[in-house]
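Undergrad: Below is the structure I would like to discuss, written out as structure tokens.
The values are calculated or read from the model by the stated rules, or taken from the named source; none is laboratory data. Because the structure is a prediction, the values reported are computed rather than measured. Heads up, the Cβs are rebuilt from the backbone with ideal geometry, glycines too, and the neighbour counts pull from every protein chain shown.
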Amino acid sequence: MPRSTSLFSLSALTRAYHRNLKVLARAVRAPRIRPAASKALAKVAAKPRVAAAVVRKRPAPRKPALARGEWVGGVAPGPAGARRYHLFVPPGLAVRPGEKLPLLVMLHGCGQTGRDLAVISRMNRLAARERFLVLYPEQERVANAHGCWNWFERRSGKADAEAATLLAAVDKVALRYPVDLGRVAVAGLSAGASMAVLMAALYPSRFCAVVMHSGVAPGTAESSGTALVAMQGRREAFLPDPPPADALAAASGTAATTATAAGARAATAARRLPPLLVVHGDADGVVSLRNATAAAALWAGALDATPGPVRTLQRGQRHAMRVTDFKARGRTVVTLREVHGLAHAWSGGAASLPYSDPDGPDASALLWAFVARQFQGQKAAV
């Protein structure tokens, strides 16, 4: 195959990426077709043109309702332009005087919206039970035709600009709601996971935890021409260079004084990375599992963490998973969960929806258990 070059267009990348995801979504849903319906579709499949017409005429399934609570919309301006977002506030939330609440930032994948991710992950139910806020930023189609976060556009500066804009959304929400900026975590699926881990690498002091579900390891792509190779796990992972000092100070929400800028840059240069949870399926045909192992090893190396023994865990009939904990000074700072038989989908997600596999271990519960430990540590430190 010819080598990828910078002439590889963004539109070609996003079309190929989106096409792969659509094919995968059909494959995930296929086993759930009833036997009678399966026979009918098999007959139709013998006539490709008719099959295409039948599929197009099928009514779209109704989206499940979100968990009860406030679904507040907003817009945050930033270096990448304005980005819309929705904030989930648990129903009947009564905040005590002086109380600050944790915030979880959830970044959707290509072809998704924040609402889609909220539905398949059911994260709002956890938020209502555990009393935290959930922020769902939205990628604009004018910035990416298929709604992908531009995690790979580092050479052009688009990736870093989007990361800074997402931080601006966090800060805007914190001005209007009682957010504890010391207890902010970021998580994502696919392109959202790739952006989440990039944000945590660029601005480590802003997050106390990061969760990467089926994402690409940081530093592996600088442009659209290298993104597909990175998704295949065939490029070396590395921590990206920190932003300029003034950008760091601005992202910290403080005045860009010399002392503040120098301190912010020193903190990033020291790579005081937040703890990382990686969840990835070994049957993922869109983003290679090699990205998960590379990200875990990169993060662990930066934190001087060593891997413990590999454990195999399984709950009931759900997919089994291999778990590796990396510890530094007796504390788990990186956890890698490789899920057997999981494709490019949210593990343990809602049934019959794209990019969601209900047969996998509950990624939302695993995410919360991991993040909650970091939240507790931050609260105790205060």
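Undergrad: Being part of a loop (DSSP other than H, G, I, E, B), farther than 17 Å from ALA320 by Cβ and among the hydrophobic types (A, V, I, L, M, F, W, C) is the filter here; which residues of region 335-364 pass it?
TA: Answer for region 335-364, where residues must be part of a loop (DSSP other than H, G, I, E, B), farther than 17 Å from ALA320 by Cβ and among the hydrophobic types (A, V, I, L, M, F, W, C): ALA350, ALA351, LEU353.
Undergrad: Quick one: is ASP304 within 20 Å of PHE238 (Cα to Cα) and assigned to a loop (DSSP other than H, G, I, E, B)?
TA: yes
Undergrad: With the structure loaded, tell me whether ALA297 is under 23 Å from GLU236 (Cα atoms), buried (at least 20 other Cβ atoms within 10 Å of the Cβ), more than 16 Å from the chain's Cα centre (by Cα) and of a type outside the set (D, E, K, R) or whether it fails that test.
TA: No, not satisfied.
Undergrad: Still on this model: Might you check whether a residue that is within 24 Å of the chain's Cα centre (by Cα), surrounded by 11 or more Cβ atoms within 10 Å (Cβ to Cβ) and not in a strand (DSSP E or B) occurs anywhere in region 326-333?
TA: Within region 326-333, not a single residue is within 24 Å of the chain's Cα centre (by Cα), surrounded by 11 or more Cβ atoms within 10 Å (Cβ to Cβ) and not in a strand (DSSP E or B).
Undergrad: Output the number of residues of region 184-194 satisfying the condition of being within 21 Å of ALA343 (Cβ to Cβ), of a type in the set (A, V, I, L, M, F, W, C) and in contact with a strand residue (DSSP E or B) (Cβ under 6 Å, 6 or more places away or on another chain).
TA: Going through region 184-194 one residue at a time, the tally reaches 3.
Undergrad: Scan region 336-355 and report the pairs whose first residue is farther than 20 Å from VAL216 by Cβ and in contact (Cβ under 8 Å) with a residue 12 or more places away in the chain and whose second residue is hydrophobic (A, V, I, L, M, F, W, C) and assigned to a strand (DSSP E or B), with Cβ atoms within less than 9 Å and a gap of 6+ or a chain change.
TA: Between residues of region 336-355 that are farther than 20 Å from VAL216 by Cβ and in contact (Cβ under 8 Å) with a residue 12 or more places away in the chain and residues that are hydrophobic (A, V, I, L, M, F, W, C) and assigned to a strand (DSSP E or B), the close pairs are HIS340/MET321; LEU353/TRP346.
Undergrad: Let me ask something else about it. Which numbered condition trips up ALA320, out of (1) farther than 17 Å from ILE120 by Cα; (2) crowded, with 20+ Cβ neighbours inside 10 Å?
TA: ALA320 satisfies all of (1) farther than 17 Å from ILE120 by Cα; (2) crowded, with 20+ Cβ neighbours inside 10 Å except (2).
Undergrad: Let me ask another. Just to check your reading of the model, which residue among SER356, SER347, SER352 is modelled with pLDDT under 95 and of a type outside the set (A, V, I, L, M, F, W, C)?
TA: SER352
Undergrad: Please state which of the following conditions LYS172 fails to meet, knowing it meets all the rest: (1) charged (D, E, K, R); (2) crowded, with 21+ Cβ neighbours inside 10 Å; (3) assigned to a helix (DSSP H, G or I).
TA: Going through the list (1) charged (D, E, K, R); (2) crowded, with 21+ Cβ neighbours inside 10 Å; (3) assigned to a helix (DSSP H, G or I), LYS172 breaks only (2).
Undergrad: Next question. Can you pull out every residue in region 307-317 that is in a loop (DSSP other than H, G, I, E, B) and either surrounded by 14 or more Cβ atoms within 10 Å (Cβ to Cβ) or of a type outside the set (Val, Ile, Thr) (or both)?
TA: GLY308, PRO309, GLN314, ARG315, GLY316, GLN317
Undergrad: Does at least one position in region 268-280 carry a residue that is at pLDDT below 95, part of a helix (DSSP H, G or I) and either more than 21 Å from the chain's Cα centre (by Cα) or not aliphatic (A, V, I, L, M) (or both)?
TA: yes
Undergrad: While we're here: Which residue is farthest from VAL119 (Cα to Cα), if the candidates are limited to region 136-162 and must be small (Gly, Ala, Ser) and not in a helix (DSSP H, G or I)?
TA: Looking at the filtered set, the residue picked out is SER156.
Undergrad: Taking LEU198, is it among the aliphatic types (A, V, I, L, M), more than 30 Å from LEU93 (Cβ to Cβ) and surrounded by 24 or more Cβ atoms within 10 Å (Cβ to Cβ)?
TA: It is true that LEU198 is among the aliphatic types (A, V, I, L, M), more than 30 Å from LEU93 (Cβ to Cβ) and surrounded by 24 or more Cβ atoms within 10 Å (Cβ to Cβ).
Undergrad: Starting from region 278-303, keep only residues that are over 14 Å from TRP346 (Cα atoms), then list their pairs with residues that are among the aromatic types (Phe, Trp, Tyr) whose Cβ atoms are within a distance under 8 Å, requiring at least 6 positions of separation or different chains.
TA: Pairs found: ALA296/PHE326; LEU298/PHE238; TRP299/PHE326; ALA300/PHE326; LEU303/PHE326.
Undergrad: Look through region 198-216, keep the residues that are outside any helix (DSSP H, G or I) and either basic (Lys, Arg) or out of contact with any strand residue (DSSP E or B) (no Cβ under 9 Å at 6 or more places or on another chain) (or both), and return whichever of them is nearest to ALA372 (Cα to Cα).
TA: Filtering first and then ranking leaves TYR203.
Undergrad: Here is a follow-up. Report yes if ALA249 is crowded, with 17+ Cβ neighbours inside 10 Å, among the hydrophobic types (A, V, I, L, M, F, W, C) and at pLDDT 95 or above, otherwise no.
TA: For ALA249, the condition - crowded, with 17+ Cβ neighbours inside 10 Å, among the hydrophobic types (A, V, I, L, M, F, W, C) and at pLDDT 95 or above - is not met.
Undergrad: Count, please, the residues in region 133-170 that happen to be over 16 Å from SER223 (Cβ atoms) and touching a Pro at 6+ places or on another chain (Cβ under 8 Å).
TA: Residues in region 133-170 being over 16 Å from SER223 (Cβ atoms) and touching a Pro at 6+ places or on another chain (Cβ under 8 Å): 6 in total.
Undergrad: For the subset of region 108-160 comprising residues that are crowded, with 24+ Cβ neighbours inside 10 Å and among the polar types (S, T, N, Q), which member is nearest to ALA230 (Cα to Cα)?
TA: Top of the filtered list is ASN150.
Undergrad: Which one of the conditions (1) in contact (Cβ under 8 Å) with a residue 12 or more places away in the chain; (2) out of contact with any His (no Cβ under 7 Å at 6 or more places or on another chain); (3) hydrophobic (A, V, I, L, M, F, W, C) does CYS110 fail to meet, given that it meets all the rest?
TA: Answer for CYS110: the failing condition is (2).
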